[in-house]
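A quick write-up on the structure given underneath.
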Amino acid sequence: MKEVRFFYTPVVSGSLPEEEAKHAVRVLRMKEGDEINLMDGQGTFYRAEITTAANHHCLYNILDEEKQVRAWGGSIHLAVAPTKLNDRMEWLVEKATEIGWDRLSFLNCQFSERRTIKTDRIEKIVISATKQSHKAWVPQVDEMTLFNDFVKLHGLPEGSADDGIQRFICHCYEGEKEHLKNVLQKDRKSIVLIGPEGDFSVNEVALAQKY
């Protein structure tokens, strides 16, 4: 069975982005008349025919399009403190994309081992995993954010009306806890916070619970 390959083109303009064009023409040796599969990362797949194939550009005509339907009504926003080793973080990003999360934020916490991250590298991994797993939506990747700023921006202050978003923080301190899989509701928006190797600080957990 022939492998189905997708090319990512966030703007369906009749011309593949340069990196995708190089891969199609120089690596896969595709030529005029060949059919290709495209994804815009916003929920639509396309079938197209190459009209021009050169070293640095690849032009195409759309033959048909197929809008996708999300498998569930909720969304998962993962906010994580990057690990000291980059390969662990990149593995998490790849597998989470294949599973189907919607947004990723990086947290700068009190006990963080890494306080900077190359989001352009992360975005490339996300796009590659999206194409390989045939996902119709490319997850959003955010820049590094201070923990306190993130919680105040995405949290719900005490006394506020319920906005329907589930909010979870994973930590190792004592107290009654439930397994995430038992409380996460698939048709609701959810935010999940994961701390650094040294865990969140006591004050960070308290702030998160306040919001």
Discussion item. I'd like the full set of residues that are among the charged types (D, E, K, R) and either part of a loop (DSSP other than H, G, I, E, B) or surrounded by 16 or more Cβ atoms within 10 Å (Cβ to Cβ) (or both), limited to the stretch 11-21.
Written reply: GLU20
Worksheet entry | Qualifying positions in the stretch 163-178 - modelled with pLDDT of 90 or more and either touching a Cys at 6+ places or on another chain (Cβ under 7 Å) or not hydrophobic (A, V, I, L, M, F, W, C) (or both) | ASP163, GLY164, GLN166, ARG167, HIS171, TYR173
Worksheet entry | Counted residues, the stretch 68-111 - those being more than 21 Å from ILE122 (Cβ to Cβ) and touching a Gly at 6+ places or on another chain (Cβ under 6 Å) | 2
Fill in: Any chance ASP120 is in contact with a Leu (Cβ under 7 Å, 6 or more places away or on another chain) and of a type in the set (Asp, Glu)
no
Discussion item. Kindly evaluate GLU98 against the criterion of being open to solvent by less than 60 Å² (accessible area, probe 1.4 Å), more than 20 Å from PHE168 (Cβ to Cβ) and not small (Gly, Ala, Ser).
Written reply: no
Worksheet item: Which of the residues spanning the stretch 33-62 are outside any loop (DSSP other than H, G, I, E, B), surrounded by 12 or more Cβ atoms within 10 Å (Cβ to Cβ) and not hydrophobic (A, V, I, L, M, F, W, C)?
Response: ASN37, GLN42, THR44, TYR46, ARG47, GLU49, THR51, THR52, TYR60
Discussion item. Name the single residue that is nearest to PHE7 (Cα to Cα) among those in the stretch 101-125 being β-branched (Val, Ile, Thr) and in contact with a helix residue (DSSP H, G or I) (Cβ under 9 Å, 6 or more places away or on another chain).
Written reply: ILE125
Fill in: Neighbours by Cβ (under 8 Å, 6+ apart or cross-chain): first from the stretch 133-156, polar (S, T, N, Q); second open to solvent by 50 Å² or more (accessible area, probe 1.4 Å)
SER133/GLU98; GLN140/ARG103; THR145/LEU153
Worksheet item: Which condition number in (1) under 23 Å from VAL69 (Cβ atoms); (2) at pLDDT below 95; (3) open to solvent by less than 70 Å² (accessible area, probe 1.4 Å) is the one that LEU28 fails?
Response: (1)
Worksheet item: Quick one: how many residues across the stretch 36-61 are on the phi > 0 side of the Ramachandran plot and out of contact with any Pro (no Cβ under 7 Å at 6 or more places or on another chain)?
Response: 1
Worksheet entry | Subset of the stretch 1-26 (residues that are of a type in the set (Val, Ile, Thr) and out of contact with any helix residue (DSSP H, G or I) (no Cβ under 8 Å at 6 or more places or on another chain)) | VAL4, VAL11, VAL12, VAL25
Fill in: Residue within the stretch 95-108 that is touching a residue at least 40 places away in the same chain (Cβ under 8 Å), more than 17 Å from HIS134 (Cβ to Cβ) and either assigned to a strand (DSSP E or B) or hydrophobic (A, V, I, L, M, F, W, C) (or both) present
yes
Response to the item:
Counting only residues that are open to solvent by less than 70 Å² (accessible area, probe 1.4 Å) and either in contact with a strand residue (DSSP E or B) (Cβ under 7 Å, 6 or more places away or on another chain) or free of Cβ contacts under 8 Å to residues at least 12 places away in the same chain (or both), the stretch 63-82 contains a total of 11
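The values are calculated or read from the model by the stated rules, or taken from the named source; none is laboratory data. From a predicted model like this one, the values you see are computed outputs, not experimental measurements. Using ideal geometry, Cβ is built from the backbone for each residue, glycine included, and neighbour counts are taken over all protein chains shown. When the accessible area is computed, the model is the full protein with side chains, heavy atoms only, and any ligands, DNA or RNA have been set aside. Shrake-Rupley method; radii C 1.70, N 1.55, O 1.52, S 1.80 Å.
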